[in-house]
Amino acid sequence: MVFSGLPFIFVFLPICILAYFVMPNLKAKNIVLLLASLFFYAIGEPVWVFLMILSAFINYAAGLIIDKRRGTACAKIALIVAVISGIAFLVAFKYLDFIIENVNTLLPFARLPLTNIALPIGISFFTFQTMSYTIDVYKNDVKVQKNYFTFLLFVSLFPQLIAGPILRYSDVALQLENRTTTVSGFCKGITRFLCGCGKKVLLANTIGEISTLIFTGEYIAEGVPVFGVWVGALCLSLQIYFDFSGYSDMAIGLGYMFGFEYGENFNYPYISRSVTDFWRRWHISLGTFFRDYVYIPLGGNRKHQFFNLLVVWSLTGLWHGASWNFVIWGLYYFVFLVLEKFILRRRLERIPVLSNITTLLVVMVGWTIFFFEDIGQCLAALRNMFGLGNVPLWDNTLTTPIVNNLMILIIGVIACIPIGRIVGRQVESIKESRPTVYFTANMAFNIVMLFLCTAALVGASYNPFLYFRF
């Protein structure tokens, strides 16, 4: 079940909201949220829901042991067991077949069989959340949670379970046991959810059909023209952004509806003036996780900075998928970040417009690498992109789909700049002085957005969610 689906919007969510708000106290409300979250996950993963429950229990138990035996070898062993178990789950369910394939390639006589285990949805997200909790308890940065079901609620909360943002326990510890839902907050959540749904359904899905058309294997084999690859890269960049940031907006909106406040996960990354700036604005919760739990413990900027960056970006690539294109994609950004930190030293960032364009081109090439798991197709696309593939500049067969979708592409480009934020602030400014106008405008926006998204979903055959595989 996906947020941008009719069953979720018109069946699951209304029932969940109704059951939540008829409960007399927060304890009962939390029980409703926990049951709803487990049911939400079990619909798509009826078996692997027990893996999530087990992962939560291991880290919950480790937290109790660490708190009770603080400062002893027993506490350290509990931490190590929890972290290793999390890594083991990721290796077994996400990376084992990738490892076996590479072993078989390097050692043909091995002929190890593949496990063909299905990837549990969202395993990278809930594994990172549980690990970060145990580490924070060990560092004494958060108080231990003594109620397992409260901890399981933190891990399984359906608004952010499938694709984040990656929550830190410290972000929601107080909210789990002491929060209120106001009419204003609930309405804010509805608007934020519908904004995200619009990004996903109206923009990402529509633009994604163009990138899929251009970047299919058949087209690459035949030779996509130079400008065609760049148009495909632009469409892919817009699709990934609206797909993932739209999901994050929906998650944040759902959080507001139930009294939770999640941190922002995107901050208009395509207006960045450097690659470093881009990664401060893109998937903020993931960058924060790797900074706090990998980069800084390794030494950060103080020692072995080059090595630390290499480790972080290799892991960032691998986190996104068990395929060499993701590893290359992570190392691709490692190279540019090293160039910025040690050679350019932010000189390019000081040049307006040029720095924005340069950064955007780097990101578009990066998304092209990200898209193709087949390295041969990836290299073909890159050769064509830079005019090295013996292809023309343009092919008239691509004119029709691009012209037919030109308006949505223009809207997509405009939506990547902070115009929406400016408009939102202007609307908020009249909330106190002219509450009736504010309420009417907000209600009209929500009704129109819900109608447009519903109309698009009713006849939609293309509604993928790219981050499910992570």
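The values are calculated or read from the model by the stated rules, or taken from the named source; none is laboratory data. Note that this is a predicted model, so its numbers are computed, not measured. Please note: Cβ atoms are built from the backbone with ideal geometry, for glycine as well, and neighbour counts cover all protein chains shown. Just so you know, the surface numbers come from the protein's heavy atoms only, side chains and all, with ligands and any DNA or RNA stripped out. Shrake-Rupley method; radii C 1.70, N 1.55, O 1.52, S 1.80 Å.
Side notes on the structure shown:
- Of all residues in the stretch 410-418, none are in a helix (DSSP H, G or I), over 29 Å from the mean Cα position of the chain (by Cα), without any contact (Cβ under 8 Å) to a residue 12 or more places away in the chain and closer than 27 Å to C195 by Cβ.
- Identity of the residue in the stretch 172-191, open to solvent by 50 Å² or more (accessible area, probe 1.4 Å), part of a helix (DSSP H, G or I) and of a type in the set (V, I, T), that ends up farthest from L161 (Cα to Cα): V183
- Checked against (1) in contact (Cβ under 8 Å) with a residue 12 or more places away in the chain; (2) over 20 Å from the mean Cα position of the chain (by Cα), F154 meets all criteria but (2).
- L38 satisfies every condition listed in (1) within 28 Å of F244 (Cβ to Cβ); (2) in a loop (DSSP other than H, G, I, E, B); (3) not charged (D, E, K, R) except (2).
- Any hit, the stretch 301-316, residues being over 25 Å from T358 (Cα atoms) and hydroxyl-bearing (S, T, Y): no
- Residues of the stretch 277-313 classified as within 20 Å of L119 (Cβ to Cβ) and open to solvent by 10 Å² or more (accessible area, probe 1.4 Å), total: 1
- Filter result (of a type in the set (V, I, T) and either under 30 Å from I15 (Cβ atoms) or touching a residue at least 12 places away in the same chain (Cβ under 8 Å) (or both)) within the stretch 31-76: I31, V32, I43, V47, V49, I53, I58, I65, I66
- Test: I422 is in a helix (DSSP H, G or I) and at pLDDT 90 or above: no
- In the stretch 314-327, residue nearest to T127 (Cα to Cα) [restricted to those that are open to solvent by less than 30 Å² (accessible area, probe 1.4 Å) and free of Cβ contacts under 8 Å to residues at least 60 places away in the same chain]: T316
- Search result, residues across the stretch 349-373 that are assigned to a helix (DSSP H, G or I), surrounded by fewer than 18 Cβ atoms within 10 Å (Cβ to Cβ) and free of Cβ contacts under 8 Å to residues at least 60 places away in the same chain: R350, L354, I357, T358, L361
- Of the residues L379, L331, L393, the single one that is open to solvent by 50 Å² or more (accessible area, probe 1.4 Å), outside any helix (DSSP H, G or I) and more than 30 Å from C195 (Cβ to Cβ) is L393.
- Selection of the stretch 424-439 for residues being open to solvent by 80 Å² or more (accessible area, probe 1.4 Å) and among the β-branched types (V, I, T) yields only T436.
- Number of the exception - A204 against (1) without any contact (Cβ under 8 Å) to a residue 60 or more places away in the chain; (2) of a type outside the set (S, T, N, Q); (3) touching a Pro at 6+ places or on another chain (Cβ under 7 Å): (3)
- Any hit, the stretch 176-199, residues being of a type in the set (A, V, I, L, M), over 22 Å from the mean Cα position of the chain (by Cα) and modelled with pLDDT of 90 or more: yes
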